[in-house]
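Visitor: Below is the structure I would like to discuss, written out as C-alpha cells.
The values are calculated or read from the model by the stated rules, or taken from the named source; none is laboratory data. None of these values were measured; they are calculated from a predicted model. Using ideal geometry, Cβ is built from the backbone for each residue, glycine included, and neighbour counts are taken over all protein chains shown.
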Amino acid sequence: MNIQRNNAFRHTKVVIAATSLVFVLGLWLLGPRIATVLSGGFTQSAPSGAFQYAVQREHASVEIDVTFNGNGGQADVQRYVQANMARAQALLQEAAGERLWTTITFTKPLTAQEVEQLLRDAGVEAASYTQVGWTATGQRMASTSFRDPVAPDFNLKQLAQDAISSDPAAPDYDARMAGFMVVDGVMTISEQGLGRLLADPRVYLADTTAYEVQKLVGVTEASVHLPTPFWEMDWGAETIEE
Amino acid sequence: MTKSVRLRLAISASVSLMLLMSAVATVLAGWVNLTHGHACGPTQGNFTWSQGNNTNAVTWYQYAKWSGSQYNCIQGAGDWYQLEAEAYNPAGGGTSCDKLHTYSTSYTLPLRSSPSVANGCGSTTYKEETKFPIKSSSIGNNVEYWTLTRNYKYNAVNGQVHEVNWSFSNLATDWWAGKVRYRMESGAPYFGYFPTCASPSGILSGYPGC
C-alpha cells in the first residue's frame with residue numbers, strides 16, 4: 001500500500017515538474033511576444049531594423065506609430081537618420097512626384113522667419129510647428145501649434161508669441177523660447193522639395209519613413225506619427241528669439 | 001519692551017507665518033493619487049483650468065508625476081505610451097462633442113514625437129483629442145511635468161454642462177485618469193466655460209468631485 005502511494009506521489013511530482021518545465025519554456029519563448037501584445041497591440045520591427053511600428057485600425061481609418069529601434073539611444077537615432085537618407089535618395093529616383101507625410105527636425109532652433117522661408121522654398125505644407133525653450137524655472141518645455149487649413153489669417157510669429165501665457169500664475173509664464181525645432185507636414189518627393197531639405201545644413205532629419213511603413217502595412221492612406229529626437233538635442237543657450 | 005513680550009511677539013509671528021504658509025500650500029496643492037490602474041501610468045495628477053476673461057479660448061493644464069514602482073515601470077516600458085487630453089467624453093461613442101477645438105499645446109513632458117490633434121467625435125471640423133507620445137526613458141523620478149491644451153470655444157448653449165477627460169494610453173487601450181465638468185455661461189463678447197466639479201476628487205483645487 002505504502003509502495004503504491006509512494007509511486008503515485010512520485011508520478012504526481014513528475015507530472016508537475018514536466019508541466020512547470022513546459023510553462024517556463026513557453027514563457028521564455030513567448031514572453032517577449034506576450035509582452036509586446038500586452039504593451040499595445042502588435043508592434044513590429046521593420047525588415048531594415050531601423051524602426052519599429054504599431055498599427056491601429058479603427059473603422060475606416062488606420063493610425064501608425066513609428067519609434068526608433070532599440071531603446072532610442074544615440075546609436076539607434078543615428079541608424080534611423082542614415083536609413084532615412086538612403087531611402088530619400090532612392091525615393092528621389094523611384095517615386096518622384098508622389099506626396100509624402102514627413103516630420104522635419106532641425107539641427108538647432110530656427111526663427112519663425114527662417115522656418116517659413118525654408119518651408120516655402122521646399123514646398124512643404126505644414127500641419128504643425130514645434131518651438132522649444134525653457135520655463136522660468138529652467139525646465140525644458142516645448143509648444144506645438146496646429147495649422148488650421150481653413151484659417152486665412154495664419155501668422156506663425158504671432159502664434160509663437162501667443163503660445164506663452166500672460167498669466168503670472170501659469171507654469172509657462174515668462175518662458176523663454178529658443179526657436180522652432182520640428183515641423184510636421186506634407187511635401188512632394190522632388191529635387192526642389194525633398195532634395196532641397198536633404199542638402200540644407202539646418203535640417204537634421206527630413207523623415208521619409210511614412211513611405212516605407214505604409215508599404216509594409218499595405219495602406220495608401222494613414223495617419224503616421226513619426227519619431228523625432230528633438231527633446232534630447234542641443235537647443236543652445238537660454239535666450240529669447242528675436 | 002520686556003524680554004518676555006518680545007519672546008511672545010516672536011512666537012506669535014512664527015505661528016502666524018506657519019499658518020499663512022499652510023494656507024498658501026492648501027491653495028496650491030492639487031496633487032492627488034491617480035486610480036487609472038496601469039502599473040506604468042503617472043502616480044499623481046493635478047489640473048488647473050484657465051477660463052480667461054471674455055476670451056474665445058480656454059486653457060486646460062494637466063500635471064503628472066511618476067514615482068516609486070510606477071516610475072520604475074515607465075522607465076522600462078518602451079516608447080508606446082502616451083497621455084491624452086480629450087476635450088469631450090469618449091464613453092459610449094462620445095458626448096460633449098464639438099464644444100472645444102484644440103489649436104495649440106505646450107508641455108514639459110519629454111516627448112518622442114510631436115503631439116497630434118484629431119477629431120474625437122461629432123464633426124471632423126473640431127479637433128477634440130490631443131495625444132502626447134511619452135519618451136518613457138526620459139521621465140524622471142518624482143519630477144513634476146505638465147501639458148496643456150489651448151482650445152477655442154464653439155457651439156455654446158447657456159446652462160449646458162459638458163466635460164473634458166484625461167487618460168493614459170498604450171495606443172490601443174485607454175486608462176481613464178481624470179476629468180473636469182464645466183458649465184457654459186453666456187457673457188459678452190464670449191461665453192464662459194466654468195468648472196463645476198472634477199475627478200478624482202481634489203484634482204482641480206477648489207472644486208468638488210464629480
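Visitor: Suppose we keep only residues that are away from chain A (no Cβ under 11 Å) and without any contact (Cβ under 8 Å) to a residue 40 or more places away in the chain within the range B:43-72. Which one would you say is nearest to B:ILE203 (Cα to Cα)?
Guide: Per the stated criteria, the residue is B:GLN44.
Visitor: Every residue in the range A:113-143 that is without any contact (Cβ under 8 Å) to a residue 24 or more places away in the chain and either within 27 Å of A:SER223 (Cβ to Cβ) or not assigned by TED's automatic domain parsing to the domain that holds A:MET187 (or both), please.
Guide: Once the filter is applied, which keeps residues that are without any contact (Cβ under 8 Å) to a residue 24 or more places away in the chain and either within 27 Å of A:SER223 (Cβ to Cβ) or not assigned by TED's automatic domain parsing to the domain that holds A:MET187 (or both), the range A:113-143 yields only A:ARG120.
Visitor: Also, quick follow-up: Of everything in the range B:111-123 that's surrounded by fewer than 21 Cβ atoms within 10 Å (Cβ to Cβ) and in contact with a Phe, Trp or Tyr (Cβ under 8 Å, 6 or more places away or on another chain), which residue is nearest to the other protein chains (Cβ to nearest Cβ)? Step through it out loud before you land on a result.
Guide: Applying the first criterion (surrounded by fewer than 21 Cβ atoms within 10 Å (Cβ to Cβ)) to the range B:111-123 yields B:118-119, B:121-123.
The next check asks that each one be in contact with a Phe, Trp or Tyr (Cβ under 8 Å, 6 or more places away or on another chain); those that pass are B:119, B:121-122.
Details: B:ASN119: 10, B:CYS121: 12, B:GLY122: 15 Å.
In this case the residue turns out to be B:ASN119.
Visitor: Hey, another quick one. Residues A:ASP167, A:ASP234: which one is at the interface with another protein chain (Cβ under 8 Å from one of its Cβ atoms), assigned to a loop (DSSP other than H, G, I, E, B) and surrounded by fewer than 16 Cβ atoms within 10 Å (Cβ to Cβ)?
Guide: A:ASP167
Visitor: Against the conditions (1) in a loop (DSSP other than H, G, I, E, B); (2) buried (at least 19 other Cβ atoms within 10 Å of the Cβ); (3) at positive phi, where does A:GLY97 fall short? Just the number, please.
Guide: That leaves (2) as the condition not met.
Visitor: Pick from the range A:37-90 the residues that are of a type in the set (Asp, Glu) and more than 9 Å from chain B (Cβ to nearest Cβ): which of them is farthest from B:ASP174 (Cα to Cα)?
Guide: Among residues in the range A:37-90 that are of a type in the set (Asp, Glu) and more than 9 Å from chain B (Cβ to nearest Cβ), the one farthest from B:ASP174 (Cα to Cα) is A:ASP76.
Visitor: Still on this structure: Does at least one position in the range A:209-227 carry a residue that is crowded, with 20+ Cβ neighbours inside 10 Å, more than 14 Å from chain B (Cβ to nearest Cβ) and modelled with pLDDT of 95 or more?
Guide: Checked the range A:209-227: at least one residue is crowded, with 20+ Cβ neighbours inside 10 Å, more than 14 Å from chain B (Cβ to nearest Cβ) and modelled with pLDDT of 95 or more.
Visitor: So for the range A:101-108 (the condition being part of a helix (DSSP H, G or I) and either surrounded by fewer than 19 Cβ atoms within 10 Å (Cβ to Cβ) or away from chain B (no Cβ under 11 Å) (or both)), does at least one residue qualify?
Guide: No, that holds for no residue.
Visitor: Here's something else I'd like to know. Which numbered condition trips up A:ASP172, out of (1) charged (D, E, K, R); (2) surrounded by fewer than 16 Cβ atoms within 10 Å (Cβ to Cβ); (3) touching a strand residue (DSSP E or B) at 6+ places or on another chain (Cβ under 7 Å); (4) closer than 26 Å to B:ALA64 by Cα?
Guide: Failing condition for A:ASP172: (2).
Visitor: Going through the range B:73-110 one residue at a time, which ones are among the hydroxyl-bearing types (Ser, Thr, Tyr), under 17 Å from the mean Cα position of the chain (by Cα) and either more than 12 Å from chain A (Cβ to nearest Cβ) or in a helix (DSSP H, G or I) (or both)?
Guide: Answer for the range B:73-110, where residues must be among the hydroxyl-bearing types (Ser, Thr, Tyr), under 17 Å from the mean Cα position of the chain (by Cα) and either more than 12 Å from chain A (Cβ to nearest Cβ) or in a helix (DSSP H, G or I) (or both): just B:TYR88.
Visitor: Moving on. Which strands (runs of 3 or more DSSP E) sit wholly inside the range B:121-210 and have at least 1 residues that are free of Cβ contacts under 8 Å to residues at least 60 places away in the same chain?
Guide: Of the strands (runs of 3 or more DSSP E) lying wholly inside the range B:121-210, those with at least 1 residues that are free of Cβ contacts under 8 Å to residues at least 60 places away in the same chain span B:129-133, B:161-169, B:174-185, B:192-199.
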